[in-house]
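Peer 1: Pasting in a structure now, in structure tokens, and then I'll have a few things to ask.
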Amino acid sequence: MSEVDFNSFLFRPTLVSRDPKDLWFSSIGRQLRTLYFKNRILGVLPVGLAVVLDHLAGSILPYSARAYPISHAFNIMVCIARFVVTGDIRNKESATNSLDWLLNNSCSGYSGYCWGTGNPRVTKNATYDENVPYATITPYVVEALLLYRHFFDDKRIDAVLQTTYKFFVEDLVVLNETSSNLVLSYAPTDERLQVYNSNSYCLYMHALFLRNGIGSEEVNRIRVNKLFNALKEGQQPDGFWYYYTDVDFQGNFIDCFHTVFILKNLWKTSKLTELAGVDKLIDSGHLFLRNFQEKNGLYKQFYKSDKYSLLKFDLYDQAEMLNWHLLRGELVEFDKLDATVISAFGGRSDEIYSHIDLFGFKKNRNTLRWAVFPYLHAVSQRQLIATGNEESTLHAVLLGC
């Protein structure tokens with residue numbers, strides 16, 4: 001396993017950091033994306049120039065560093081793992097600080113506690129302000145809260161989770177529902193496209209709510225079945241899912257880490273409740289993941305892309321593949337990939353880069369959200385197993401397996 005200086009990341013005064021997506025979070029970046037999505041011909045040149053400038057000089061451009069809810073969620077999970085392994089009380093203190101931060105930084109104006117990225121975004125699907133929560137971010141906080149409650153207890157958590165259930169039921173928009181299928185929105189707003197990835201998170205959340213007695217048992221069961229049916233129907237014969245349910249949409253794509261997200265959520269849900277035919281979906285998707293692995297052992301970003309990129313490898317893809325190996329009990333594969341990752345993306349023991357570009361240069365040093373923390377999470381879970389503490393892994397605590 002890799003030798004990473006966890007303390008240099010976990011015991012910081014704050015979890016504020018730069019981010020690889022800073023260009024698109026900025027005002028000029030949002031304007032450029034708006035132009036590009038409205039008219040690709042007019043937008044391609046200014047967007048291309050901005051991408052090149054950001055690639056060459058992004059580390060010195062005046063972007064605003066910030067803390068992200070998902071970073072604090074991962075910090076809780078990593079700190080708990082490290083507390084079990086090392087006994088260092090500073091891990092508990094850091095986890096508690098992140099818990100307090102999350103409870104104080106929920107998105108406001110919704111039916112319950114929920115979390116987003118904390119910055120405005122422009123996507124193909126919609127324009128989101130900084131207060132918008134996401135079905136893809138909130139689940140990580142839910143996992144972190146349940147894990148914290150298991151180890152340290154906090155009487156605030158039960159009440160918080162009851163309201164988070166309301167976010168999924170009352171705030172997310174029903175984009176499509178039949179007697180057998182359900183598709184929910186990515187965020188609490190009308191969106192023109194439907195996303196498989198976000199619905200896999202909704203599936204997992206309703207199964208987790210069901211297991212923990214949160215919300216209506218009937219609603220949770222109905223939604224689990226309908227969300228699963230939609231994912232089952234959306235899987236292509238080769239085992240993959242398009243990002244958007246509209247397979248003919250010009251901007252559609254197939255990438256590595258969103259594929260793994262769906263597979264992970266299916267696997268986790270299958271441990272919480274019965275899903276007819278889920279093993280076939282998972283096995284088919286698992287086989288498809290081979291299409292992303294390059295000869296050097298790393299996983300490329302895209303199988304089908306709608307854009308050009310100056311980046312060749314992304315740490316996020318490797319982190320999710322590491323997590324997937326753990327869920328499947330593939331420890332030899334985990335250790336082999338981890339050794340390749342630390343060689344490719346590492347620097348000093350307190351340095352992790354998030355990208356390798358087409359020219360072989362490492363980019364985006366110590367950007368916590370994307371994707372230092374997802375990587376640290378995978379490594380910390382592996383350390384639990386290596387030290388005989390498998391019962392303390394996230395999936396053992398939350399899923400009972």
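Peer 1: So, GLY118, is that one more than 20 Å from the chain's Cα centre (by Cα), part of a loop (DSSP other than H, G, I, E, B) and not hydroxyl-bearing (Ser, Thr, Tyr) or not? Quick ask: steps written out before the conclusion?
Peer 2: On the way: more than 20 Å from the chain's Cα centre (by Cα): no; part of a loop (DSSP other than H, G, I, E, B): yes; not hydroxyl-bearing (Ser, Thr, Tyr): yes.
Judged against the criteria, GLY118 is not a match.
Peer 1: Where residues in region 6-43 are modelled with pLDDT of 95 or more, closer than 19 Å to TYR375 by Cβ and basic (Lys, Arg), which of them is surrounded by the fewest Cβ atoms within 10 Å (Cβ to Cβ)?
Peer 2: Checked region 6-43; the qualifying residue surrounded by the fewest Cβ atoms within 10 Å (Cβ to Cβ) is LYS21.
Peer 1: Could you grab the pairs with beta carbons closer than 6 Å, sequence gap of 6+ or different chains, first residue in region 162-180 and under 27 Å from LEU146 (Cα atoms), second one surrounded by fewer than 17 Cβ atoms within 10 Å (Cβ to Cβ) and small (Gly, Ala, Ser)?
Peer 2: Here the result reads LYS166/SER111; PHE167/SER111; GLU170/SER111; ASP171/SER111, each pair linking region 162-180 to a residue that is surrounded by fewer than 17 Cβ atoms within 10 Å (Cβ to Cβ) and small (Gly, Ala, Ser).
Peer 1: Among all residue pairs at least 6 apart or on different chains, which show Cβ distances below 6 Å where the first residue, located in region 29-56, is more than 14 Å from GLY251 (Cβ to Cβ) and the second is in a helix (DSSP H, G or I) and β-branched (Val, Ile, Thr)?
Peer 2: LEU32/VAL47
For every residue, the table says whether it meets (1) in contact with a Ser or Thr (Cβ under 9 Å, 6 or more places away or on another chain); (2) not small (Gly, Ala, Ser).
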position: SER309; (1), (2): no, no
position: MET321; (1), (2): no, yes
position: TRP324; (1), (2): no, yes
position: VAL332; (1), (2): no, yes
position: PHE345; (1), (2): yes, yes
position: SER349; (1), (2): yes, no
position: TYR353; (1), (2): yes, yes
position: ALA371; (1), (2): yes, no
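Peer 1: Under 7 Å between Cβ atoms, which residue pairs at least 6 apart in sequence (or on different chains) link something in region 107-122 that is within 24 Å of GLN31 (Cβ to Cβ) and in contact (Cβ under 8 Å) with a residue 24 or more places away in the chain with a partner that is among the β-branched types (Val, Ile, Thr) and part of a strand (DSSP E or B)?
Peer 2: Filtered contacts from region 107-122: no entries.
Peer 1: Within region 319-354, restricting attention to residues that are in contact (Cβ under 8 Å) with a residue 40 or more places away in the chain, in a loop (DSSP other than H, G, I, E, B) and closer than 26 Å to GLY388 by Cβ, which residue is nearest to the chain's Cα centre (by Cα)?
Peer 2: Among those that are in contact (Cβ under 8 Å) with a residue 40 or more places away in the chain, in a loop (DSSP other than H, G, I, E, B) and closer than 26 Å to GLY388 by Cβ, it is ARG328.
Peer 1: Pick from region 355-388 the residues that are touching a strand residue (DSSP E or B) at 6+ places or on another chain (Cβ under 9 Å) and in a helix (DSSP H, G or I): which of them is surrounded by the fewest Cβ atoms within 10 Å (Cβ to Cβ)?
Peer 2: The qualifying residue surrounded by the fewest Cβ atoms within 10 Å (Cβ to Cβ) is TRP370.
Peer 1: Quickly run through region 304-316 and pick out the residues that are of a type outside the set (Ser, Thr, Tyr) and more than 14 Å from VAL379 (Cα to Cα).
Peer 2: Within region 304-316, the first condition is being of a type outside the set (Ser, Thr, Tyr), and the residues that meet it are 304, 306-307, 310-315.
Within region 304-316, LYS304, ASP306, LYS307, LEU310, LEU311, LYS312, PHE313, ASP314 meet the criteria.
Peer 1: Checking LYS280 against (1) farther than 30 Å from LEU45 by Cα; (2) in contact with a Leu (Cβ under 9 Å, 6 or more places away or on another chain), which test does it fail?
Peer 2: Just one mismatch for LYS280, condition (2).
Peer 1: Right, something else. Give GLU218, GLU274 a once-over and let me know the one that is outside any helix (DSSP H, G or I), more than 20 Å from the chain's Cα centre (by Cα) and without any contact (Cβ under 8 Å) to a residue 12 or more places away in the chain.
Peer 2: Values: GLU218 fails: outside any helix (DSSP H, G or I).
Just a single option satisfies the conditions, and that option is GLU274.
Peer 1: Which one of these does THR164 not meet: (1) in a loop (DSSP other than H, G, I, E, B); (2) buried (at least 16 other Cβ atoms within 10 Å of the Cβ); (3) polar (S, T, N, Q)?
Peer 2: Looking at each condition in turn, THR164 falls short on (1).
The values are calculated or read from the model by the stated rules, or taken from the named source; none is laboratory data. Predicted model, so just to flag it, every value in this text is computed and none were measured. Methodologically, a virtual Cβ is constructed for each residue, glycine included, from the backbone with ideal geometry; neighbour enumeration extends over all protein chains shown.
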